[in-house]
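Comments concern the structure below.
The values are calculated or read from the model by the stated rules, or taken from the named source; none is laboratory data. Bear in mind that the values here come from a model prediction, so they are computed numbers and not experimental data. All Cβ positions, even for glycine, are placed from backbone atoms using ideal geometry, and neighbour counts span all protein chains on display. Areas reflect the complete protein model, heavy atoms only, side chains present, ligands, DNA and RNA absent. Shrake-Rupley method; radii C 1.70, N 1.55, O 1.52, S 1.80 Å.
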Amino acid sequence: MKDRLDIFCVTHPGLEDVLDTELEALGFTTRDTTLGGVAVSGSREDVWRANLFLRTASRVLVRMDTFPVHHLAQLDKKARRLDWSHWLRADTPVRVDATSRSSRIYHEGAAAERVGKAIQAALGCQLSADAPVRVLVRIEKDMCTISLDTSGELLHRRGHKQEVNKAPMRETLAAAFLALSGYTGSETVIDPMCGSGTFAIEAAEISQGLTAGRSRRFAFEHLPGFDPARCTTLRSTPLHAARNIRHFASDRDAGAVRIAQSYARHAGVEDKVHVEQCDIVDRVAPDTAPGLVILNPPYGARVGNPRQLTQLYRSLGQTLWSRFSGWRVGLVTSDAKLAKATGLPLRPVTPSIDHGGIKIHLYTCPPLR
């Protein structure tokens with residue numbers, strides 16, 4: 001692969017500034033922020049670092065080329081001019097996916113086929129629907145961008161989860177909402193409606209300085225120049241010294257508690273995340289300095305009876321007001337009326353974020369007094 005690469009880090013639309021801040025904290029120099037992601041330039045190792053370290057990115061792409069294109073023959077000609085040996089290995093199968101929008105080339109399957117044939121002509125490698133490496137062809141308004149997906153599976157799949165409960169919160173979203181709630185890894189986090197425990201586990205990993213992708217594999221491991229020894233070092237080296245902070249999670253559902261405990265164990269933070277079965281109305285603050293309460297209650301769209309939700313949110317607010325003096329609050333919901341029902345001085349801090357087809361917002365408030 002070339003020495004300096006055009007890297008595009010993808011995130012949920014609306015969370016670009018959070019990703020930009022995270023990239024800068026990791027030493028990347030951002031070049032451009034656009035809807036759905038942030039562009040940086042860097043080396044091959046920077047691609048590995050982005051995949052391993054970023055908590056709020058969902059995918060890391062390397063942009064190989066961008067050019068105007070008006071018909072399939074032109075796409076074929078320009079694709080064959082690419083030096084594919086810089087990007088791909090002849091012994092590794094490749095998958096090509098194409099999208100087209102507002103362009104004269106509208107047949108996505110034909111576009112993918114042309115680029116696939118160009119790769120085969122250059123390298124002789126196999127094309128396969130389940131290949132470990134994926135080339136993306138995006139044609140928009142007659143401009144074609146060919147990118148290499150260096151992540152493989154989406155980055156929220158940290159490698160710790162074997163099963164999911166109802167309405168799971170993606171790790172990438174949880175990390176972004178923690179950051180937007182002011183969490184930096186130096187205080188206690190509690191989630192009193194924890195589900196699978198994603199907020200508390202992400203908080204524990206951050207406070208321990210653990211790399212997000214330490215337990216999973218990536219597409220970049222199948223690309224030219226991959227150095228397994230160097231990557232192993234990056235995986236295992238903490239981002240900072242571990243902080244002696246314990247986090248807390250609870251749920252009234254015994255199954256959710258069991259799942260959260262299992263995930264914490266697989267993530268290697270079992271001793272830093274205390275999970276217990278407890279209803280929200282019985283939740284009390286732990287014996288620590290005040291920190292952050294963050295939670296993702298039912299919205300009524302997928303989980304919960306809408307007619308009972310107002311009372312649930314009202315009880316939640318009463319519990320936090322009476323027992324969590326000095327604690328900040330972060331609350332995720334799809335309904336401003338439900339946030340208001342808590343009686344807490346909450347304000348929305350994110351635009352509408354798509355979460356499994358539901359538009360959600362993060363609401364936060366300063367320390368309760």
| request: Stick to Cα atoms and the Kirkwood definition of Rh, then tell me Rg/Rh for segment 7-81. | output: 1.08
| query | How large is the accessible surface per residue of segment 1-145, computed with a 1.4 Å probe and reported in Å² as a whole number? | reply | 47 Å²
| message | Beyond a 20 Å Cα-Cα separation, which of these cross-linked pairs lie in this structure: Lys117/Lys141; Lys78/Lys141; Lys77/Lys117; Lys141/Lys359? | response | Lys117/Lys141; Lys141/Lys359
| field | Taking N as its residue count, the alpha carbon Rg of segment 1-127 over 2.2 N^0.38 Å | value | 1.16
| said: Restricting to bridges with both residues inside the chain, how much of the DSSP beta-bridge set is antiparallel, in percent to the nearest 5? | reply: 65 percent
| trypsin sites (Lys or Arg not before Pro) within segment 63-157: DSSP coil, no more than 12 neighbouring Cβ in 10 Å | Lys141
| field | Exposure ranking of Lys337, Lys359 by accessible area [1.4 Å probe, largest first] | value | Lys337, Lys359
| For segment 198-338, what is the convex hull (Cα atoms) projected area averaged across all directions, in square nanometres? | 11.1 nm²
| request: Can you tell me the order of 280-287, 147-154, 206-213 when each peptide is scored by its average per-residue count of other Cβ atoms within 10 angstrom, highest first? | output: 206-213, 147-154, 280-287
| request: Keeping the other protein chains in place, figure out the carbon and sulfur percent of the accessible area of the chain, with a 1.4 Å probe. | output: 49 percent
| field | Euclidean distance between Cα centres, segment 145-219 to segment 336-355, Å | value | 22 Å
| query | So what does the Cα-only Debye profile of segment 281-369 read at q = 0.15, 0.18, 0.20 Å⁻¹, as log10 I(q)/I(0), no solvent term? | reply | -0.54, -0.77, -0.93
| Alpha-carbon Debye profile of segment 62-212, log10 I(q)/I(0) at 0.09, 0.17 Å⁻¹ | -0.45, -0.89
| task | Return the calculated 222 nm mean residue ellipticity for the chain, to the nearest 500 deg cm²/dmol, obtained by summing -39500 (n - 2.57) across DSSP H runs with n ≥ 4 and dividing by the residue count. | result | -9500 deg cm²/dmol
| Long-range tail of P(r) for the chain (Cα pairs > 27 Å, %) | 52 percent
| said: If packing is taken as the average count of other Cβ atoms within 10 Å, what order do 258-265, 5-12 fall into, highest mean first? | reply: 5-12, 258-265
| query | So what does Thr29 come to for accessible area, using a 1.4 Å probe and Å² rounded to 10? | reply | 100 Å²
| message | As a test, work out the antiparallel percent of DSSP beta bridges whose residues both lie in segment 267-369, rounded to the nearest 5. | response | 70 percent
| query | What is the Rg over Rh value, at two decimals, for segment 147-219, using alpha-carbon atoms and the Kirkwood definition of Rh? | reply | 0.98
